[in-house]
Each structure stands twice: as structure tokens, then as C-alpha cells.
Amino acid sequence: WTNGTMFSGIGVFHPFFCYDLSMTPIQSSTDEITLSFRTLQRNGLMLHTGKSADYVNLSLKSGAVWLVINLGSGAFEALVEPVNGKFNDNAWHDVKVTRNLRQVTISVDGILTTTGYTQEDYTMLGSDDFFYIGGSPNTADLPGSPYKICRNTVIPNPFPQSQRVCIYWFCILSLFLIVILNTCLCKQEFPLKPTEVSVPQNINALLPALNYN
């Protein structure tokens, strides 16, 4: 697909994208995440990578956008809520997250913006774990997850059938972090300017190691 990807939240199985970073680990001092979503679900995982005290978690929490970034010495947390209603209103919403060293900014629909800082002095984000999009095998157990519930409870996929999540942000983030940051930023004293990447007709040609669960 060139316009987006569907994540079905119907039935026993809840498909999601999973990319193994063990062969191409992330090591970055600056990041940018851009995504668009539409859903009727109040809760669900949009994006996660990392483990222990070094991770990024972007979720829907009771219809609001929840972001946690931890670089290893204390997390930055932000809950972005609309003035009226909730974000799970079956309308498209745009989310942008940028990080420069310890400074983190998240904006939703270009209007609601929150800026803050991760704790202490760590400035590098590192991950050689899995990169999840649209769900995970054990969402409630992920670090930074807002869902503190019974282990047997299933967290719904936030993007049910016939609704799409824009694939553009996945391509930008994956290539930016895995290719540019891994090969360039870790060798530079100052972060490089992000590079624009166009989305090909066939996403499998871009990420051949991508697993669809």
C-alpha cells in the first residue's frame, strides 16, 4: 500500500508490525517521529522500541496521546489531550515527536504541543530490541506502557479493520534511525539534519526483514 496500512483489532489475533533491531541497533542523539492515525479505540500501542531504562513508547491512553522517552537516567512523560472530546473519534490526527539530546517536543494536529526534558545527563537513545508498530505480544509489560492491568487482559489494537495508519512515518523513522543515525550520527559531535525519504510502491522492497504478525 502507498497510502497506509491496516491493523485489524478484530478476533483473537491482533496483527502488528515487528522489526528486529538486533542486527542494526539504534544509537541516536536526535530523533523525529511523524505519524497519522485514525481509530475508535481508546487504548492501544502505536509505537515502541527499547527495553529496561532505554526506550520510546507512544500509545493511546483513554483517548489521549501518551509519550514516554527514557534515555537511561529518567523518563520524559507527556499526555496530550484535545480541548474537546478524544482522539479516538474516527478522524485523522497527526502526531510529531522530535528529540534533540535531552529536549523532547510532541505535537498533535500541529496545535497541541508539549515540550520537556529527559532527566539527568544521558543524551543517546539505544535499542537492539524489537521495533513494534500497532501493537505487541505483551503491550502491558513494555517499559513506559500506561496499561497497568491484569496479565490476562488483552490490550486492543488501536487500529481496527477498515481503518488505516499512515505508513509514511514508519518508513521515515525506520530509515532515519536504522540507517542514518547508526552510520552517521554516532560518529558526529553534532546531530545531522534529517533526510527526507520517499515511500516506495512496495514496502517489502524497503524493509525485507520486516515480519508481519
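The values are calculated or read from the model by the stated rules, or taken from the named source; none is laboratory data. Because the structure is predicted, anything quoted here is derived from the model rather than measured. Glycine gets a Cβ as well: all are built from the backbone with ideal geometry, and neighbour counts include every protein chain shown.
Structural remarks
- Restricted to region 116-143, and to residues there that are under 15 Å from the mean Cα position of the chain (by Cα) and not in a loop (DSSP other than H, G, I, E, B), the residue that is nearest to M46 (Cα to Cα) is I133.
- Residue that is assigned to a loop (DSSP other than H, G, I, E, B) and among the aliphatic types (A, V, I, L, M), where the choices are V95, V56, V83: V83
- When restricted to residues that are of a type in the set (V, I, T), farther than 9 Å from F76 by Cα and crowded, with 17+ Cβ neighbours inside 10 Å, region 115-126 contains 1.
- Each residue in region 98-113 was checked for being at pLDDT 95 or above, farther than 17 Å from G44 by Cα and in a strand (DSSP E or B), and 8 pass.
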